[in-house]
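The values are calculated or read from the model by the stated rules, or taken from the named source; none is laboratory data. Quick caveat: nothing in here was measured; it's all calculated off a predicted structure. Here Cβ is always computed from backbone atoms with ideal geometry, including for glycine, and neighbour counts include all displayed protein chains. Only protein heavy atoms, including side chains, enter the accessible area calculation; ligands, DNA and RNA are left aside. Shrake-Rupley method; radii C 1.70, N 1.55, O 1.52, S 1.80 Å.
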Amino acid sequence: MRRPAADTASLRPNELEAVYAISKVVSEAENIDAAMDEITGLTRAVFIFDSAVLYRRQTGPEPLEPLFARVVGRGRSAPTDLVWGEVAANRVLETGETFVREPSVRRGTDRLDQHFYLALPMVAGGKTNGVLVFIRFGGPAYTGEQVNLAAFIATHVSQLFERQLLVERVANLEAERRLARLQDEFIAMVSHELLTPLGFIKGYTTTLLRRDTAWDENTLREFLNIIDEETDRLSELIENLLDSSRLQSGTLHIELKPVALGDLLGDILNRTQTRYNTLRISSESPEADLYVRVDAKRFSQVFDNLVANAVKYAPNSELRIRAGKQGGEAEVRLSDDGPGIPEEHLPHLFKRFYRVPERAAGVRGTGLGLFICEQLIQAHGGTIGVESKPGNGTTFIIRLPLADPAEEKGATPHA
Ligand code: ADP
């Protein structure tokens, strides 16, 4: 069936009024759902239908996606039995024309099972981008005037629909652009972070390989130490990148076992002291019977990261570690006396790649450390937070659920 020519002369005064009211809703609409609710209400006053479905054309195996659907008349008591108008809508997509589909009335069939479809194209720029389907349960059949009226309504809904598509397209474009920018920044930052240690390794190795110079023992060791440290930095960076992407995709394996927190911290602190032999550490051990369920390797990783940050961002500061039971949880506090972190940065600190600009200058890093810490602690069912005031140092607070007492009996200090 051809689309009727726009002819307002054929509309009755109350129909004209409804069409104007609908056009007003469309011009003022901010949200397609709310606007469609109003439009179906206004349409009901002048046009009989039991349900209405607005479809959008999409690419892929399913050409139609319902954007909006309402059952307003008969059949309303069973909205789950919403009758879709896919067959009629598909025909409109193929032809671009209004389509009426009426059942051949058979005796003995429940009238409500006889569905009368009126499907109208949503056209913009000569393309059918969607279909509006009206359905009547048990008739009456659509008259020529009613199809004409529905075509007016569909023209207005078309505009609403187009606006919605445009809004979505702009949002998609913005998201794509943001993603592309983030990817570029990420590649630039990671390349820089990878190239710096590689540059050192290459430079010192080339120097050592020169045949025209004989290096004394001290210089030789100094150069080899630099190569050794930079290689560690490189593998740490790659490990961090891998962990971060495994955490994002949920594929990082964590094995929780009940562990005495005091023993675990004792071990970590011994290692830390060996690694940073000039670092001053003061610690208060928790109760001996304080058990937590942790993956010892991953928990140590969190701790190492926080200590490495304190060494980087609070140089020469003493490190204080306190652990104990707090409100039904285990709490570990790690404090330094460094320059602290301005308040506006605190809510972002655990985000991937976030660095405090005024602290980042001259200090190497990627902003991955605290993101990984938070994700790992969350994987333990715990939380990590930060308290800091510029000039007053920084404290990181880890809270973990206590281990089940039944499990504690069989627990070893940690594996
Ligand atoms: P990175 O150290 O690679 O920059 P992190 O995620 O470990 O990344 O830390 C994020 C930011 O938090 C750091 O860039 C730094 O600005 C800030 N920060 C972390 N720990 C401290 C600390 N102890 N004192 C001051 N600032 C800190």
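Quick look at the numbers
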| item | result |
| --- | --- |
| Solvent accessible area, Å² - His253, 1.4 Å probe, full protein context | 130 Å² |
| Nearest-ten-degree value, helix 144-209 long axis tilted from longest Cα axis of the chain | 20 degrees |
| Cα pair distances exceeding 39 angstrom across the chain, given as percent | 52 percent |
| Given Lys257/Lys312; Lys312/Lys351; Lys312/Lys389; Lys325/Lys351; Lys257/Lys389, the pairs whose alpha carbons are separated by over 25 Å | Lys257/Lys312; Lys325/Lys351; Lys257/Lys389 |
| Restricting segment 243-282 to trypsin sites (Lys or Arg not before Pro) in coil, as DSSP defines it, with at most 13 other Cβ within 10 Å | Arg280 |
| Principal-axis tilt of helix 217-249 within the chain, Cα atoms, nearest 10 degrees | 30 degrees |
| Gap separating the Cα centres of segment 234-273 and segment 88-124, nearest whole Å | 62 Å |
| About the Cα centre, charge dipole magnitude for the chain (Lys/Arg +1, Asp/Glu -1 at Cβ), debye | 1140 debye |
| Percent RCO, i.e. relative contact order, over segment 201-345, from Cα pairs under 8 Å lying at least 6 residues apart | 19 percent |
| Share of Cα-Cα pairs in segment 170-225 lying beyond 18 Å, as whole percent | 57 percent |
| Separation of the Asn31 and Glu344 label points, Cα + 7 Å toward Cβ, nm | 3.2 nm |
| Antiparallel DSSP beta bridges within the chain, percent to nearest 5 | 95 percent |
| Gyration tensor (alpha-carbon) shape descriptor, segment 209-271, a/c threshold 1.5 | oblate |
| The chain, accessible area per residue, ligands and nucleic acids excluded (1.4 Å, Å²) | 56 Å² |
